[in-house]
Structure formats: C-alpha cells, structure tokens
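In what follows, a structure is listed as structure tokens, so that the remarks can point back to it.
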C-alpha cells in the first residue's frame, strides 16, 4: 500500500491519473487501514456490551418478584446512572472509539430497560409504539455525543422497528419516524464524507435505503394496488442514487433498487393486479402527493445522472475544459 501512495505524485505528473483520482485512492487506503485495525475489536466489543446488558436484565428478571418496590426502583435506575457516568467519562476524557461504542450500547439498552421496569413497578399504562418512540428519542443524542457508529445502527434499527409497529400493526402513520430519520441523516452524511470507502459506511449504505423500503409501507395503509406505483417511484429514486458517478462505489443503493424494481415488475405482470387496480376506489390526495414527490425525486436524479454522464463523456473527448467540451459537443 505504501508503495502505491508513494507513486501517486509520479502518476499525476505524467498525467496517468488525475489529482482527484489520487485523492480517492488515498482516502480508500486510509479507510481500509482504519477498518482493518478497529473492526474486529469494535465488533467483539459491541457484542460483549450487548450480552452484558442483556445478562443484567435477565438476572434482575429472575429475582424480580423477591424485591420490594424501593429495591426494584433502585435496581431499575442504578444501571442507567452507572452507564451515564461511563458515557460522560468517555466524552470528557476523550477515550478510544471502542470505549465510546461500548458505553453507548450499554447506555442505550439501560435506557430501554429502565423505562420498562419503572413502568412495570408503578403500573404506568402504555403500548409498544409509545415505548419505542420514547426510547429512541431519549437515546437519539448519543450517536452525536459519542460519535458512535454502533449507536447510530441501533438508532436506525429501532426507528424502523417503531415504524413497523405503528404502521403495520397499529395502522397509524408513523410521522415521528421522519423526524428521527432526519436526526440520523447528518450523522450518515458526515460518515459518507469522511470515510466513503469504509466497511461501516457500506453497512450504512445498505441499511439506510433498506429502512426506507421497509417503512414506506407503514405510510400506505389502505392505498391498495396504487402502493405499487409509490414503491416503484421510491425504488427508482434509490436506483438512480446508486448510479450517480460520485456514488458509484456505493453499490448497495444500486443493488437494492435493481432487485426491488425487478420484484415489482414481476409481481405486476399478473393480470389480477391490474384488475384489482381498475376496480379500486378513488385514491386519496395524500397518496398521490407522496407518489408525486418520490417520482419527482426519481426523475431529478435521472436528469442529474444523464447530465453528469454527458459531461464526463464530453470532457474525455475534449481538452478537459468547458470551452473545449462545447467545441467537441457541437463540432466547432
């Protein structure tokens, strides 16, 4: 790897590669080196933190009926306080990222367990939807305070779980999901900018569009077969995002979009689908607006792809300048 990095200035001077390509190569090997050094520790450390957190919950649950109400309350809050101290110590002392990830995972699960235990001790009514929403809202700042990728994964997974529960089982549109997803997006974009070729980034590139695909159905209750058109627009948007030249290394978008579009086309090839759509009642304006937004985004991304592809092709046949591109394009 070091020999390749050393040869980059020579390759640039001989115009074999461009400066932008050299920067991409440096970022790629930097991300690869970072991942090789920390992924194993992060994965096993995260698994260990999850198992420890679940083990503590199981110990409490096994002996729960033998405790008084005051002891139960203390046991419900004590792990939360200890994990908060550990997370605060990690931030103030700027500990290693592995330490922050473990502290963040433990604190994430202790928040959920404390909410559930206090509600059970004092018979506070509630449902799974509200429980998941409260849990994720309280833990949302952790991914920024600790800059933890693992907490961001948990955040994305739990807000998707919330949207599924609210939309598919409670038949309510999970609008808070959009707020929680919006809180995740800046973290995701910063990861894309700083480590575009990292393995953690690849997981984000897979899970983020997958979350969108899963949760879209939660907003389509009662829409019927028109939902296929809405899904087709979303999948087209995801596919065109993966085709962007600047995102060509993020093939997870391209793969999910391609598989999803193929599935929708295969499913819609049956005659009964179109017969059901013909007999369906008038679609509400909400669903039409949602389809129009997604379809407009898909068309916009396709236009961007076509424009950038034309520009790249044009520049490759010119002297690399805009004026040369115009002369090449129109034969002047």
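Coordinate-derived values only; no laboratory data. The structure displayed is predicted, hence computed values, not measured ones. So basically every Cβ, Gly included, is an ideal-geometry build from the backbone, and we count neighbours across all protein chains shown.
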Between residue 303 and residue 11, what's the calculated FRET efficiency when r is the beta-carbon distance and R0 is 30 Å? Round to 0.05. 0.30
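Which shape class, rounded, prolate or oblate, goes with segment 173-274 when its Cα gyration tensor gives a ≥ b ≥ c as root eigenvalues, a/c under 1.5 marks rounded, and past that a/b bigger than b/c marks prolate? If you can, show how the numbers build up before the last one.
Details: a/c = 3.18, a/b = 1.50, b/c = 2.12.
Oblate is the answer for segment 173-274, as a/c is 1.5 or above yet b/c matches or exceeds a/b.
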Order 94-101, 153-160 from most to least packed using the mean count of other Cβ atoms within 10 Å. 153-160, 94-101
Give the residues of segment 77-116 whose amide nitrogen is closer than 12 Å to a point set 7 Å from the Cα of residue 59 in the direction of its Cβ. 79
Gained length - residue 96 relative to residue 171, 0.36 nm times residue gap less alpha-carbon distance: 22.7 nm
Projected-area average for segment 1-205 over all orientations - Cα convex hull basis, square nanometres: 14.5 nm²
Just grab the label-to-label distance for residue 119 and residue 179, each label 7 Å out from Cα along the Cβ direction, in nm (one decimal). 1.7 nm
Starting from the Kirkwood Rh over alpha-carbon pairs, what translational D in µm² s⁻¹ does segment 119-232 have by Stokes-Einstein at 25 °C and 0.890 mPa s? 161 µm²/s
